[in-house]
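Undergrad: Please find one structure pasted underneath; my questions will follow.
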Amino acid sequence: MIFEEKTIKLKNGQEAILKSPAVEDAEELLNMVKTACGETDFLVRYPEEWDINVEQERAWIERLNLSESSVAIACYIGGRIAGNCQIDLGIRIKTRHSARVGISILKEYWNLGIGSAMFCELTEIAKSRGIKIIELGVIDGNERAMALYKKNGFCEVCRRPNAFMLKNGEMQTEIYMQKKL
Ligand SMILES: CC(C)(COP(=O)(O)OP(=O)(O)OC[C@H]1O[C@@H](n2cnc3c(N)ncnc32)[C@H](O)[C@@H]1OP(=O)(O)O)[C@@H](O)C(=O)NCCC(=O)NCCS
């Protein structure tokens with residue numbers, strides 16, 4: 001699905017554009033996601049695990065934009081991609097009441113309200129598709145993300161201890177959250 005372009009105002013007064021990532025921006029999107037994964041331990045991959053090439057990323061964007069069950073929204077600031085989020089709607093009879101979301105924003109753009117704006121749009125998409133539950137996973141200790149999710153009506157449902165292990169051996173607990181629509 002394509003998310004039509006929408007201009008938003010950030011907390012610092014700057015304008016940003018939310019829209020589906022363009023196929024021509026595949027290289028930039030891939031670099032953005034790799035950078036984001038190197039800036040925090042709260043994303044589930046290390047940068048080197050994004051071992052796909054630009055052609056594969058291009059094909060992924062193409063598939064996503066044609067998909068009936070997934071939508072990606074990238075945030076463009078001054079033509080540069082500052083972050084990206086995605087919602088995947090359940091497609092089977094037993095899962096089509098639910099959707100899962102994920103989000104990553106480059107560190108230099110944290111705390112500007114991009115995440116909040118993206119969550120408003122993701123929620124609207126879910127509502128328009130008759131979704132009853134939006135779900136996500138967040139790593140324990142990710143206070144900024146938890147603040148964003150709680151503000152948007154997500155509640156903790158359960159915890160998965162030792163879900164991830166960092167290179168230094170530190171274990172991370174995944175917190176599973178849901179929002180009822
Ligand atoms: C988590 C993330 C998506 C949030 O997006 P964002 O654009 O920075 O979020 P926003 O600016 O819209 O909102 C952040 C909120 O957290 C609050 N916040 C920031 N740091 C905080 C902290 N340490 N403790 C509690 N609240 C905090 C902010 O005040 C703001 O709340 P407000 O709007 O009520 O003032 C983004 O920072 C990010 O991509 N981080 C790295 C990747 C990641 O963690 N992804 C999520 C994986 S589950």
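Undergrad: May I ask you to verify whether residue 93 is surrounded by fewer than 17 Cβ atoms within 10 Å (Cβ to Cβ), without any contact (Cβ under 8 Å) to a residue 12 or more places away in the chain and in a loop (DSSP other than H, G, I, E, B)?
TA: The answer is yes for residue 93.
Undergrad: Here's a follow-up. Of the residues 130, 102, which single one is surrounded by fewer than 19 Cβ atoms within 10 Å (Cβ to Cβ), without any contact (Cβ under 8 Å) to a residue 40 or more places away in the chain and not in a loop (DSSP other than H, G, I, E, B)?
TA: One residue alone meets the criteria, 102.
Undergrad: Right, here's the next one. May I ask you to verify whether residue 108 is under 23 Å from residue 156 (Cβ atoms), within 13 Å of the ligand (Cβ to nearest atom) and over 11 Å from the mean Cα position of the chain (by Cα)?
TA: So residue 108 does not fit the description; no.
Undergrad: While we're on this one: With the requirement that a residue be in a helix (DSSP H, G or I), within 22 Å of residue 89 (Cα to Cα) and not acidic (Asp, Glu), what does the range 52-70 give you?
TA: 58, 59, 60, 61, 63, 64, 65, 66
Undergrad: Anything in the range 153-178 that is buried (at least 17 other Cβ atoms within 10 Å of the Cβ) and outside any strand (DSSP E or B)? List them, or say none.
TA: Within the range 153-178, 154 is the sole residue that qualifies.
Undergrad: Looking only at residues in the range 8-51 that are assigned to a strand (DSSP E or B) and more than 16 Å from the chain's Cα centre (by Cα), which one is surrounded by the most Cβ atoms within 10 Å (Cβ to Cβ)? Give the steps one after another, and end with the answer.
TA: First, the residues of the range 8-51 that are assigned to a strand (DSSP E or B): 8-9, 15-19.
Those still in the list that are more than 16 Å from the chain's Cα centre (by Cα) too: 8-9, 15-16.
Details: 8: 18, 9: 12, 15: 11, 16: 21.
Here the residue is 16.
Undergrad: Now a separate question. Have a look at 164, 119 and point out the one that is within 22 Å of residue 33 (Cβ to Cβ), touching a residue at least 60 places away in the same chain (Cβ under 8 Å) and of a type in the set (Phe, Trp, Tyr).
TA: 164
Undergrad: Turning to a different aspect of this structure: Here is a check on your reading of the model: is residue 81 aliphatic (A, V, I, L, M) and within 14 Å of the ligand (Cβ to nearest atom)?
TA: yes
Undergrad: Would you mind finding the one in 143, 156 that is among the acidic types (Asp, Glu) and within 11 Å of the ligand (Cβ to nearest atom)?
TA: One residue alone meets the criteria, 143.
Undergrad: Among the residues of the range 109-136, which ones are farther than 17 Å from residue 84 by Cβ and small (Gly, Ala, Ser)?
TA: 126, 128, 130, listed by residue number.
Throughout, read-outs are computed from the coordinates displayed, never taken from laboratory work. Please read all numbers here as calculations on a predicted model, not as lab measurements. Cβ sites come from the backbone with ideal geometry, for glycine too, and all protein chains shown count toward neighbours.
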